[in-house]
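Below is one structure, written out as structure tokens; comments come after it.
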Amino acid sequence: MEHKFLDLKIGDIEQYTMIVKKSELDVWKKEGWKTYSEIGLPEGEEDADLLYGEFDKETETLIFNEPVTLNMAAENKIIGRKIIGYSVNLGTYGMGGAGFFGLLLDNSEYLTYAVWGAGNYVILEDKVVECNPELYSKVTPLISNFGEEKTWDDLTILINESKIISYTFSEDHFKLIAEKESNIMQIEFVKNDKRLPRKVGRKRNAYKKGKIADFILFQHKEGVLIV
């Protein structure tokens, strides 16, 4: 029987992996991680460097787990945590990325919105985090990586060192309230919203089936979500 860690079926996520030192393996096993051999990964597939990354089999090993989703999380995984960074490049299929958006927390975990191009569906104080400024010339996203004058980052200064003080979620909407230097801000993960660039807001949803809590999860900053 195939181990569930080989095909998680969490949205588009099939596997959650990390490369660790063998000397630290017992620590990770206490947190539920298992080695590739323990879950029955077919012989030789651990050498798929583009998918799993390179590792030294003498001193390191590839481990697998199931990420904690929002539905499974206790409040103390979120409330009181500081945001110390972000990524718009989480998730991979080996030859490219899924563009999941993650807020890096001070416990070395990303709070991740695991939908394709997730930055297009994250709103901070009514501004979209990411979109193509060439397609939406009237919209200025908080971050852009399209080269030269189309590259900027207005997100870091807003969120870094902010503390999460509360959160709420409904079927299609997740909202964090964070505080920085007595300023309160809202960070929202949405399925769709009229504040998104018009073509996105009118035609596309972040996901087709399920609820937003199915797509929000926690991953270690060194972990990899494979789609």
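The values are calculated or read from the model by the stated rules, or taken from the named source; none is laboratory data. No experiment lies behind these values; they were computed from the predicted model shown. Cβ: placed from backbone, ideal geometry, glycine included. Neighbour counts: every protein chain shown. For the accessible areas, the whole protein counts, side chains as well, though only heavy atoms, and no ligand, DNA or RNA atoms are used. Shrake-Rupley method; radii C 1.70, N 1.55, O 1.52, S 1.80 Å.
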TODO: Could you tell me whether segment 139-147 includes any residue that is of a type outside the set (D, E, K, R), open to solvent by less than 70 Å² (accessible area, probe 1.4 Å), closer than 22 Å to Asp193 by Cβ and touching a residue at least 24 places away in the same chain (Cβ under 8 Å)?
DONE: yes
TODO: Within segment 175-196, track down each residue that is in contact (Cβ under 8 Å) with a residue 40 or more places away in the chain and either loosely packed, with under 15 Cβ neighbours inside 10 Å or out of contact with any His (no Cβ under 9 Å at 6 or more places or on another chain) (or both).
DONE: Leu176, Ala178, Met185, Gln186, Ile187, Asn192, Arg195, Leu196
Task: Within segment 73-83, tally of residues that are part of a strand (DSSP E or B) and crowded, with 18+ Cβ neighbours inside 10 Å - done: 1
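In segment 101-209, which strands (runs of 3 or more DSSP E) lie fully inside it and hold 3 or more residues that are under 19 Å from Ala74 (Cα atoms) and not acidic (Asp, Glu)?
Result: 109-113, 162-169, 173-180.
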Task: Residue list for segment 4-15, restricted to those being open to solvent by 50 Å² or more (accessible area, probe 1.4 Å) and farther than 23 Å from Ala118 by Cβ - done: Lys4
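Scan segment 44-53 and give yes if some residue there is hydrophobic (A, V, I, L, M, F, W, C) and open to solvent by 70 Å² or more (accessible area, probe 1.4 Å), otherwise no.
Yes, that holds for at least one residue.
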Open item on the list: Looking only at segment 151-174, how many residues end up being without any contact (Cβ under 8 Å) to a residue 60 or more places away in the chain, surrounded by 13 or more Cβ atoms within 10 Å (Cβ to Cβ) and of a type outside the set (Phe, Trp, Tyr)?
Closed with: 4
- [ ] Give segment 84-100 a look and list any residue that's part of a strand (DSSP E or B) and open to solvent by less than 30 Å² (accessible area, probe 1.4 Å), or say none.
- [x] Gly85, Ser87, Val88, Leu90, Gly91, Thr92, Ala98, Gly99, Phe100
